[in-house]
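The values are calculated or read from the model by the stated rules, or taken from the named source; none is laboratory data. Not measured: the values here are computed from a predicted model. Cβ placement follows ideal geometry from the backbone for every residue including glycine, while neighbour counts extend to all protein chains displayed.
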Amino acid sequence: MRDVLIFPVNSEEAIVVASDNSGGIGEKDKDSVKVPYETVAYYSFRVAVMECISAGAEPFAAALHNFCGEDAWNALVRGIKRGAEELDIGALEINGSTESNFTLLQSAVGLSVLGKMKGNGHSERLLYTNQTEISVIGSPLVGEEVVGRGTEAAPLKLFQEINSLADVETLPVGSKGIIEELNGLFLNKEFTNNDFSTDLDLHKSSGPSTCFIAVYPQGKTKEIRRLAGSYFHILSKV
């Protein structure tokens, strides 16, 4: 199950809405993770835009909900634009609102990305067969790991490239981990740790979608391994 809302406009087009939020991450004294607001917005945008693109949509707008204070607005917008530039989204509209009546002790940000997709938005869960191959691109990272081990996070451009391949389905991994995402993706298969041999923790939070799942037929494995390089982790069947 993808974390998006789909609104059919007509028989040929639909609007997709994907969202993310973060709390206790930013520049306030009581934040649990101290990072610049540009970084906060970049990673929130990353989650929402990956969900949007993975669902088959082309992003065209971002709605920002800022609870960090008016001074944070420009830095948050810069973070969104940074992600949009990595994906070559030149015409992304950005708007939103700031809570300016009250001051929070910790930072909080909400972000929604809107995209357009062809068709009426009706999509089925995938069917698992003996020919299905699954890999994870990037590593699951959360909190301070995102800062200290950021080079292990799958680049947005790589996600976009793999997502655009024929016969490949992608799904960003969120806070519930790889197994949870897989079990929402397939209609006819439920997985456990015992189904795979891998060096990854399949239950660990991937925070701001620092990794994503790629599902494809066996003939695509070499191509995806070549594109992903060191970010590639095969989920070998046991």
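See the values below:
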read-out: Any hit, the range 201-223, residues being crowded, with 18+ Cβ neighbours inside 10 Å, without any contact (Cβ under 8 Å) to a residue 60 or more places away in the chain and over 27 Å from Ala41 (Cβ atoms); value: yes
read-out: Unmet requirement for Leu156, which otherwise passes all of (1) buried (at least 18 other Cβ atoms within 10 Å of the Cβ); (2) in the same structural domain as Ser11 (by TED's automatic domain parsing); value: (2)
read-out: Where a residue in the range 87-113 is free of Cβ contacts under 8 Å to residues at least 40 places away in the same chain and its partner, wherever it lies, is surrounded by 11 or more Cβ atoms within 10 Å (Cβ to Cβ) and assigned to a loop (DSSP other than H, G, I, E, B), with Cβ under 7 Å and at least six apart; value: Glu99/Phe67; Thr103/Gly69
read-out: Any hit, the range 60-77, residues being touching a residue at least 60 places away in the same chain (Cβ under 8 Å), buried (at least 17 other Cβ atoms within 10 Å of the Cβ) and within 28 Å of Leu171 (Cβ to Cβ); value: no
read-out: Test set (1) touching a residue at least 40 places away in the same chain (Cβ under 8 Å); (2) within 30 Å of Phe186 (Cα to Cα) - Leu5 fails condition number; value: (1)
